[in-house]
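*Asks:* Below is the structure I would like to discuss, written out as structure tokens.
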There are 2 protein chains.
Amino acid sequence: MSFSPLVEKLMESLRVLPGVGPKTAQRMAMHLLERDRDGGRRLAKVLDEALERVGYCRRCRTLTEEEVCALCASARRDDRLLCVVESPADQLAIEDAGGYRGRYFVLHGHLSPLDGIGPEDIGLEQLEALVAGGEAAEGGVEEVILATNPTVEGEATAHYIAAQLAPHRVRLSRLAYGVPMGGELEYVDGGTLSRAFNGRLPFLGE
Amino acid sequence: MSFSPLVEKLMESLRVLPGVGPKTAQRMAMHLLERDRDGGRRLAKVLDEALERVGYCRRCRTLTEEEVCALCASARRDDRLLCVVESPADQLAIEDAGGYRGRYFVLHGHLSPLDGIGPEDIGLEQLEALVAGGEAAEGGVEEVILATNPTVEGEATAHYIAAQLAPHRVRLSRLAYGVPMGGELEYVDGGTLSRAFNGRLPFLGE
């Protein structure tokens, strides 16, 4: 036996959500139908509206329903710094960490030739135009911080971008590698530990 | 910093789903916006349609978009047996276990005076009418199986229904309590074990 066709279809549709298998989808469908129809209706409405209206910021490509996102529109950010990230979630993590006052550029992914994801899919032409455009003008980009993930694909993407931007007069930097704050050395993986060792800094002993 | 207002609203709306906290809601919103807009649109549409059209079966109160559910409409089920369950999910579990060929009645909950859930909220008038209606007629209900959950509330609900149906000429039964199949006694809780002990059966030694 199964539920009615429409209830089954709802359970099937819920499985587009990441981490939702058959059991969870059933629990979600039952919850919405039995206990929170108003919440479910609101979800359907907002989901439809968001998928319709949320696009990419014309300047930095982050997700926004405006033409230009709030951060790009802000006059209080430093135009000389441009931080390249793989996703809006990475951008949020850096913002929440605090301290960075420059601009962003969001790739929405990384280079992955095997999956058919090339430079044009992650907006690298637009990135180069953005860097080149400000070059001569006052207040152009002076430093590009390559904050792609410290994974094989993220590294490869950072190297590709570095080569692409080499002809332009910008400093390129990459997030520092090292042991995470608050961790115990015993549990840090070997690759990270050896990079932290090789990149050791003079101790200032304040 | 946060995401754009509409993206934040989507994350907030996703939290109506059971077991979805802020982090999971963010992951779901990013997945839908970045990688599966078609799936998201389909979900919004089906969710809206299901909440609009799925109601209760006129006879057994299970979830269905028809007036009478497929199981109630089937001529192949035994009208003399009526199994009372708390939820459509319980009904599905019993069906999937196999063996039962009678009808169902779905309470959509259990009696819970503290939460203001009384007999009328779980359809007990309708249940009594269903049992009383078939009483005299050929093919009426002969046995009501009280398959509410083996919890305090489920037990109380079963007792209430038993008292309510006492004036009618129906047998009342309750699912057997005992140790679960395939389990190890060591890990069975004391309450279950003592009920299984008191309810021990002659061993047929086939």
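The values are calculated or read from the model by the stated rules, or taken from the named source; none is laboratory data. Note that the structure is a prediction, hence the values are computed from the model and not measured. Note that each Cβ is placed from the backbone with ideal geometry, even for glycine, and that neighbours are counted across all protein chains shown. Protein only, heavy atoms only, side chains kept; ligands, DNA and RNA dropped before computing areas. Shrake-Rupley method; radii C 1.70, N 1.55, O 1.52, S 1.80 Å.
Residues checked against (1) at pLDDT 95 or above; (2) over 17 Å from the mean Cα position of the chain (by Cα):
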| position | (1), (2) |
| --- | --- |
| B:Leu47 | yes, yes |
| B:Leu51 | yes, yes |
| B:Thr62 | yes, no |
| B:Asp90 | no, no |
| B:Ala97 | no, no |
| B:Tyr104 | yes, no |
| B:Ala137 | no, yes |
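*Asks:* Checking A:Tyr100 against (1) open to solvent by less than 50 Å² (accessible area, probe 1.4 Å); (2) assigned to a helix (DSSP H, G or I), which single condition isn't satisfied?
*Replies:* With respect to (1) open to solvent by less than 50 Å² (accessible area, probe 1.4 Å); (2) assigned to a helix (DSSP H, G or I), A:Tyr100 is out only on (2).
*Asks:* Determine whether the stretch B:19-39 contains at least one residue that is more than 25 Å from A:Ala70 (Cβ to Cβ), assigned to a loop (DSSP other than H, G, I, E, B) and within 24 Å of the chain's Cα centre (by Cα).
*Replies:* Yes, the conditions are met somewhere in the stretch B:19-39.
*Asks:* Among the residues of the stretch B:1-48, write down those that are charged (D, E, K, R) and at the interface with chain A (Cβ under 7 Å from one of its Cβ atoms).
*Replies:* B:Lys9, B:Arg27, B:Glu34, B:Asp36, B:Arg37, B:Arg41, B:Arg42, B:Asp48
*Asks:* Only residues that are under 34 Å from the mean Cα position of the chain (by Cα) and not in a helix (DSSP H, G or I): list them for the stretch B:1-16, please.
*Replies:* B:Arg15, B:Val16
*Asks:* Of the conditions (1) in a helix (DSSP H, G or I); (2) over 19 Å from A:Cys57 (Cα atoms); (3) not charged (D, E, K, R), A:Pro150 clears all except one; give me its number.
*Replies:* If we test A:Pro150 against (1) in a helix (DSSP H, G or I); (2) over 19 Å from A:Cys57 (Cα atoms); (3) not charged (D, E, K, R), just (1) comes out false.
*Asks:* If you don't mind, another one. Going through the stretch B:46-86 one residue at a time, which ones are surrounded by 15 or more Cβ atoms within 10 Å (Cβ to Cβ) and in a helix (DSSP H, G or I)?
*Replies:* Passing the criteria: B:Val46, B:Leu47, B:Asp48, B:Glu49, B:Ala50, B:Leu51, B:Ala70, B:Leu71, B:Cys72.
*Asks:* All but one of (1) touching a Gly at 6+ places or on another chain (Cβ under 9 Å); (2) at negative phi; (3) touching a residue at least 24 places away in the same chain (Cβ under 8 Å); (4) not aliphatic (A, V, I, L, M) hold for B:Arg103; state the number of the condition that does not hold.
*Replies:* (1)
*Asks:* List pairs: first in the stretch B:69-80 and within 11 Å of chain A (Cβ to nearest Cβ), second among the β-branched types (Val, Ile, Thr) and open to solvent by less than 70 Å² (accessible area, probe 1.4 Å), Cβ under 6 Å, 6+ apart or cross-chain?
*Replies:* Filtered contacts from the stretch B:69-80: B:Cys69/B:Thr62.
*Asks:* So, B:Thr157, is that one modelled with pLDDT of 85 or more and in a loop (DSSP other than H, G, I, E, B) or not?
*Replies:* Considered against the rule, which asks whether it is modelled with pLDDT of 85 or more and in a loop (DSSP other than H, G, I, E, B), B:Thr157 comes out as no.
*Asks:* Of the residues that make up the stretch A:112-129, is at least one assigned to a loop (DSSP other than H, G, I, E, B), in contact with a strand residue (DSSP E or B) (Cβ under 7 Å, 6 or more places away or on another chain) and open to solvent by 40 Å² or more (accessible area, probe 1.4 Å)?
*Replies:* No, the stretch A:112-129 has no match at all.
*Asks:* Additional query: Looking at B:Glu86, B:Glu65, which one is within 30 Å of B:Arg174 (Cβ to Cβ) and in contact with a Leu (Cβ under 8 Å, 6 or more places away or on another chain)?
*Replies:* Among B:Glu86, B:Glu65, only B:Glu86 is within 30 Å of B:Arg174 (Cβ to Cβ) and in contact with a Leu (Cβ under 8 Å, 6 or more places away or on another chain).
*Asks:* Within the stretch B:81-105, how many residues are among the hydrophobic types (A, V, I, L, M, F, W, C) and either more than 18 Å from B:Ile161 (Cα to Cα) or facing chain A (nearest Cβ under 10 Å) (or both)?
*Replies:* Number satisfying all stated conditions: 5.
*Asks:* Exactly one of these conditions fails for B:Val7: (1) touching a strand residue (DSSP E or B) at 6+ places or on another chain (Cβ under 6 Å); (2) under 17 Å from A:Arg41 (Cβ atoms). Give me its number.
*Replies:* (2)
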